[in-house]
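The values are calculated or read from the model by the stated rules, or taken from the named source; none is laboratory data. A quick note: this is a predicted structure, and the numbers were derived from the prediction, not measured. Please note: Cβ atoms are built from the backbone with ideal geometry, for glycine as well, and neighbour counts cover all protein chains shown.
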């Protein structure tokens with residue numbers, strides 16, 4: 001698979017794998033099947049595997065450790081801290097005094113000596129981001145972490161973080177379904193030399209053109225999202241049909257077209273689609289080989305314009321945040 005660049009030093013496969021769904025969010029899971037899916041991704045050339053301490057309250061990191069036990073040195077592991085899930089709910093914690101503790105716990109669960117890319121999952125509104133990043137920088141100096149990242153930051157917060165320590169990547173929702181980052185976070189990150197890691201690059205499955213609308217209620221990450229409800233869903237499915245028609249003309253799937261569109265945005269973009277199905281992992285990985293022409297990209301902008309999608313994902317947020325909690 002072709003390689004893309006995150007920051008000045010971190011190289012990754014053009015398409016990574018978001019691992020959250022192996023532990024939460026999209027129904028019942030099976031660890032053996034998840035390990036098989038991860039091995040399929042490795043065989044397909046995927047080198048970046050994205051997890052978090054909050055996914056399954058540690059289960060996801062332990063699962064990834066099992067799946068990557070015999071993986072080669074080309075594999076890169078990204079994990080995140082800052083979202084804490086307890087029986088009483090979800091809270092954000094960017095306290096510098098606890099950053100090393102969170103990192104050490106993730107290292108133990110991952111069964112690794114060093115984390116390749118360590119993200120602040122969400123910025124704690126009670127803690128200046130510079131203070132949290134300062135504590136993360138100490139992890140780099142200690143050899144526990146190679147590169148730092150931030151997830152769902154504002155442009156101002158991203159600049160503040162980068163002023164403390166080089167930031168290799170910023171993670172945020174970006175897809176044909178959600179184009180808002182192109183107005184602010186994308187240009188800011190590029191000005192700062194920070195790589196772009198879009199999560200939900202397939203619009204939480206909508207852009208695959210295979211989503212059964214009757215299953216929306218079974219997903220924690222769809223049923224409360226306005227884009228998957230009522231008139232918004234009906235409208236967005238019409239847009240998906242147009243996307244599928246263009247993909248058919250190009251002899252690829254709708255999902256591959258959506259991923260290829262993101263990859264066409266630049267060599268600093270590494271989408272991390274998540275799926276539990278090996279066949280879908282292979283399909284997603286193959287999107288890295290799709291070269292869209294300027295005419296194809298122009299057709300996409302006309303047939304599936306940014307303004308044609310409806311539903312505001314910003315109203316679907318975790319406590320203390322303005323964004324959803326993927």
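Listing for the model above:
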quantity: Residue tally, condition surrounded by fewer than 19 Cβ atoms within 10 Å (Cβ to Cβ), in contact (Cβ under 8 Å) with a residue 24 or more places away in the chain and more than 16 Å from residue 250 (Cα to Cα), over region 277-302; calculated: 3
quantity: 1 or more residues at pLDDT below 95 and closer than 21 Å to residue 135 by Cα: qualifying strands (runs of 3 or more DSSP E) within region 1-113; calculated: 83-86, 89-92
quantity: Selected residue (criterion: surrounded by the fewest Cβ atoms within 10 Å (Cβ to Cβ)) from residues of region 215-240 that are free of Cβ contacts under 8 Å to residues at least 60 places away in the same chain and not in a helix (DSSP H, G or I); calculated: 223
quantity: Count of region 6-37 residues which are within 23 Å of residue 149 (Cα to Cα) and surrounded by fewer than 17 Cβ atoms within 10 Å (Cβ to Cβ); calculated: 3
quantity: Residues of region 192-214 that turn out to be more than 21 Å from residue 264 (Cβ to Cβ), surrounded by fewer than 17 Cβ atoms within 10 Å (Cβ to Cβ) and modelled with pLDDT of 85 or more, as a count; calculated: 1
quantity: Selection status of residue 243, closer than 16 Å to residue 287 by Cβ, more than 17 Å from the chain's Cα centre (by Cα) and touching a residue at least 24 places away in the same chain (Cβ under 8 Å); calculated: yes
quantity: Filter pass, residue 124 being touching a strand residue (DSSP E or B) at 6+ places or on another chain (Cβ under 6 Å), farther than 17 Å from residue 51 by Cα and crowded, with 16+ Cβ neighbours inside 10 Å; calculated: yes
quantity: Filtered residue count, region 128-147, keeping only those that are in contact with a strand residue (DSSP E or B) (Cβ under 9 Å, 6 or more places away or on another chain) and in a loop (DSSP other than H, G, I, E, B); calculated: 1
